[in-house]
Amino acid sequence: MSDYTSGYPEYMHESLKKVAALRPERIGKHFRSMTADEKQQILKDYHPDWKMDQKRELKIGSSKGQLMPHEVANILEAHSIISSKDIDLKKIDYDVDILIIGAGGAGLSAALLAQENGVEPDKILMVTKLRLGDANSKMSQGGIQAADAPEDSPTHHYLDIIGGGHYANKPELVEAMVKDGPDVIKWHEELGVIYDKMPDGTMQLISGGGTSRKRMHSCKDYTGMEITRILMDEFINRGISYLDFTCAVEFIKDDEGQVAGAVLFDLDSDEYMVCRAKSTILATGGFGRLHIQGYETTNHYGATGDGIVMAYRAGANLIHLDSTQYHPTGAAFPEQIVGQLCTEKLRGRGSQPINKEGEQFVYHLETRDVESSAFIRECYGRDNGITTPTGMKGVWLDTPLIDIINGEGTIEREFAAMFRMFKKFGIDIRKEPMLVFPTLHYQNGGVEINVKGETNVKGLYACGEVCGGVHGKNRLMGNSQLDLYVFGRRAGKAAAEWVKTAKIGKLTLKHLDDYEKMLKEEKIKTDRKSPILLPEYRGQKTLEHHLKLL
Amino acid sequence: MICLENNDEMITIFVMGKKHRVPGSLTIMKAMEYTGHQFRRGAGCRGGFCGACATLYRKKGSYKLEGALACQKIVEDGMYIAQIPFSPSEKKTYNLNELKPDAPTILEYYPEVSRCLACNTCTKACPQDIMVMDYVQASLRGDIEQAAKLSFDCLSCGLCAVRCPAEIVPYNVGQLARRLYSKYVVGPTQHVLDRVKEVEEGKYDEEVKELMNMPLDKLKVKYNTRDKVEE
């Protein structure tokens, strides 16, 4: 029997003892951040995005030639689940001014702003594949960035975003983000969001990976949950219509080529329905459940990339889909929660990444792509990781430092969700570190938009994770939460404006026939169908782990 | 590929009464998928943040009806499982701008709060270990701050509401209390309002434009040499 009390298997105790023994020395010791050249090198050597055999050039459509992961190309180079012949467009089930697809932070913000800008609540229809508010938005733990502190500014925020995104970001989108940021926080407080504050009433702000100022606002470690539920509450208060358990499967266009609604699928009755709309807002979120390169994911059950598929078939441009975000700290143990998010706020509050020898091996607040690469190098390049009972590798995230640095009780107060989750599986993160490994977290690229949330297709707006361009090739912590509300609000406003003059012609699904023709012309022979709507985890798939790391 | 089944003891569970053999280390959610079930209702974030997978169960040999989130609870041998993906309740609608943070407001919208028997069944049912009865009682007293703080970690999974003998829907009460607390007890943050005004007045327009128009090599130097506030 080991003399060490632990929630981890006995064979890990030797390493855990080293972590504890070296902890006092590590407190307050500054670990050097990498130089720009070192960052480039480690990304190239270890980041999954740089594995060129894991990507291919897209063969069809307006963004033909763009590199993207096979898993994404697979759902784009695929047949629609419907054929234009299956749907009777003369039978219109819902006729509205604005159709919003997706009920996370972006969709809800768009709905509220559309209503505030003059669209009647019963002329807005939100459809959501699962329940209202079921989205990645709700799972965001650590926080939301906005440059409202006196020592901070939108200019500092801009520089952090564009550098963190490897200068690939669309500058005007970044400008919109950083300038709207403080107003989003103001809006949230007006709606009743409870942000963590200091005793003097100022915001409690912390650092994130790649931030030059303390800019992260949080609501304990339930930030996204708190904001989303308030937007949901307000959405219901305003009487805006919605259909839950209803997916959109393809856009409908008109004979002028503009998007004019969508074909819907009722998950209860298994029936298709037609929704005509003057403006359509796409807010379907990301693609984590495609398990790019076999990675586990932090994402919501519904994150199957449906939006990019529909938008692409309707002719929308895509951008930056070659880049995917792997969050450095996904749980690696216990098995039941592998891949789930351990918030970056844990590092923002002082937790260090530690190898099996108890030593820190990377600065704890590098940008996510660099931090993840360093974790992968430590496990697979230097063999300094800890192997789990199921054969996965991980490194320690030394959470006990949080209470030592910030005072006893900090973990229970600020990390209620993390503390609760690990406690359920027998690990006390106040006393023992977490075992972590990078996990698929965010779709950096997506549908291209402008500052109003318009796509290149008339009548089609997009906001939130389904879009690309804002974060460039790497997103900083807390900027996706901000992105949702900034571009959700902008898209809602612009869509409401368009409603005033929009005229819808004859409805058609001809673009699906055209897409079929393109597949044929490019000789893409496949039985793949998309959007996939629900991920497949039945039977043996429940038990699969297939990291293609080495 | 690693298969759990090889080193995992198989156990028996009953999903809505039907008997299945599953690996004993799975969560209820993964065990149900293992049996061939594809979720439409009853699965959401799969990470303990959304409350979509509220589940009631009884363990072998026990009379106790217990609650859990299916994504956060490991199956046990002989466990009887029923998912409760929705709890019937009406969320009252209101205009937050016209309310007062007090007991009459709570009672106007949710008068059934006064029926609370203080039996603590709600607290026992909560998969988040929230002191549900305490926040219901706090809202009844008009202690909006206490009601907001005690209910903060609520995921609105609905298990408290289906168990309450007084037919209260605690999560709706908590949501109203939290919005009242933030809006009227805490109030806005001055430095946020100040910054919004500065942005509106165009204070940062030039600085940001300068960065937007900066040649890439200069921008890179600017980024790599920017001053950083350490945590």
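The values are calculated or read from the model by the stated rules, or taken from the named source; none is laboratory data. Small disclaimer: the values here were computed from a predicted structure and weren't measured. Heads up, the Cβs are rebuilt from the backbone with ideal geometry, glycines too, and the neighbour counts pull from every protein chain shown.
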Please verify whether the range B:57-65 includes one or more residues that are touching a residue at least 24 places away in the same chain (Cβ under 8 Å) and facing another protein chain (nearest Cβ under 9 Å).
no
What's the number of the only condition in (1) at pLDDT 95 or above; (2) farther than 17 Å from A:Thr343 by Cβ; (3) of a type outside the set (Gly, Ala, Ser) that A:Met392 fails to meet?
(1)
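So that you can scan it fast, the table gives a plain yes or no per residue for (1) surrounded by 21 or more Cβ atoms within 10 Å (Cβ to Cβ); (2) at the interface with chain A (Cβ under 9 Å from one of its Cβ atoms); (3) out of contact with any Ser or Thr (no Cβ under 9 Å at 6 or more places or on another chain):
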| residue | (1), (2), (3) |
| --- | --- |
| B:Thr123 | no, no, yes |
| B:Asp134 | no, no, no |
| B:Lys149 | no, yes, yes |
| B:Ala161 | yes, no, no |
| B:Arg178 | yes, yes, no |
Cβ pairs under 8 Å, 6+ apart, first in the range A:9-30 and within 14 Å of chain B (Cβ to nearest Cβ), second among the β-branched types (Val, Ile, Thr):
A:Ile27/A:Ile404; A:Ile27/A:Ile405
Only one of (1) more than 30 Å from A:Phe251 (Cβ to Cβ); (2) touching a Phe, Trp or Tyr at 6+ places or on another chain (Cβ under 6 Å); (3) more than 12 Å from every other protein chain (Cβ to nearest Cβ) fails for A:Gln325. Which number is that?
(1)
Here are some residues: A:Asp152, A:Asp134, A:Asp148. Which one is out of contact with any helix residue (DSSP H, G or I) (no Cβ under 8 Å at 6 or more places or on another chain), over 19 Å from A:Asp244 (Cα atoms), at pLDDT 95 or above and within 11 Å of chain B (Cβ to nearest Cβ)?
A:Asp152
Inter-residue pairs, beta-carbon under 6 Å, first more than 7 Å from every other protein chain (Cβ to nearest Cβ) and among the hydrophobic types (A, V, I, L, M, F, W, C) and in the range B:183-199, second assigned to a loop (DSSP other than H, G, I, E, B) and surrounded by fewer than 15 Cβ atoms within 10 Å (Cβ to Cβ), 6+ apart
none
Could you please let me know if A:Asp200 is under 22 Å from the mean Cα position of the chain (by Cα) and either of a type in the set (A, V, I, L, M) or in a loop (DSSP other than H, G, I, E, B) (or both)?
no
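Does the range B:11-27 hold any residues that are in a strand (DSSP E or B) and either at pLDDT below 95 or within 12 Å of chain A (Cβ to nearest Cβ) (or both), and which are they?
B:His20, B:Val22, B:Pro23, B:Thr27
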For the range B:157-191, how many residues are more than 20 Å from A:Gly133 (Cβ to Cβ), touching a strand residue (DSSP E or B) at 6+ places or on another chain (Cβ under 9 Å) and in a loop (DSSP other than H, G, I, E, B)?
1
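Can you work out which of the residues in the range A:213-252 that are part of a loop (DSSP other than H, G, I, E, B) and more than 29 Å from A:Val127 (Cα to Cα) is farthest from the other protein chains (Cβ to nearest Cβ)? Please lay out each step first, then the result.
Of the residues in the range A:213-252, the ones part of a loop (DSSP other than H, G, I, E, B) are A:213-215, A:218-222, A:238-240, A:245.
Next, only the ones that are more than 29 Å from A:Val127 (Cα to Cα) stay: A:213-215, A:220.
Values: A:Arg213: 5, A:Lys214: 6, A:Arg215: 9, A:Lys220: 7 Å.
By that ranking, first place goes to A:Arg215.
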Testing A:Asp122 on (1) within 8 Å of chain B (Cβ to nearest Cβ); (2) in contact with a strand residue (DSSP E or B) (Cβ under 7 Å, 6 or more places away or on another chain); (3) of a type in the set (D, E, K, R), one condition comes back false. Which one is that?
(1)
Return the only residue of A:Ala73, A:Ala111 being surrounded by fewer than 21 Cβ atoms within 10 Å (Cβ to Cβ), within 29 Å of A:Gly133 (Cα to Cα) and among the small types (Gly, Ala, Ser).
A:Ala73
Would you tally the residues in the range A:163-174 being facing chain B (nearest Cβ under 7 Å), touching a residue at least 24 places away in the same chain (Cβ under 8 Å) and not small (Gly, Ala, Ser)?
1
Filter the range B:93-147 down to the residues that are in contact with an Asp or Glu (Cβ under 7 Å, 6 or more places away or on another chain) and among the polar types (S, T, N, Q) and list them by number.
B:Gln128
Among residues belonging to the range A:196-212 that are hydroxyl-bearing (Ser, Thr, Tyr) and crowded, with 23+ Cβ neighbours inside 10 Å, point out the one that is farthest from the other protein chains (Cβ to nearest Cβ).
A:Thr211
B:Glu145 being over 21 Å from A:Ser140 (Cα atoms), more than 8 Å from every other protein chain (Cβ to nearest Cβ), surrounded by fewer than 17 Cβ atoms within 10 Å (Cβ to Cβ) and out of contact with any helix residue (DSSP H, G or I) (no Cβ under 7 Å at 6 or more places or on another chain):
no
Exactly one of B:Asn213, B:Asn224 is out of contact with any Leu (no Cβ under 9 Å at 6 or more places or on another chain), of a type outside the set (A, V, I, L, M, F, W, C), more than 8 Å from chain A (Cβ to nearest Cβ) and surrounded by fewer than 21 Cβ atoms within 10 Å (Cβ to Cβ), and that one is B:Asn213
The condition of being buried (at least 19 other Cβ atoms within 10 Å of the Cβ) and more than 7 Å from chain A (Cβ to nearest Cβ) holds, among B:Pro165, B:Pro170, only for B:Pro170
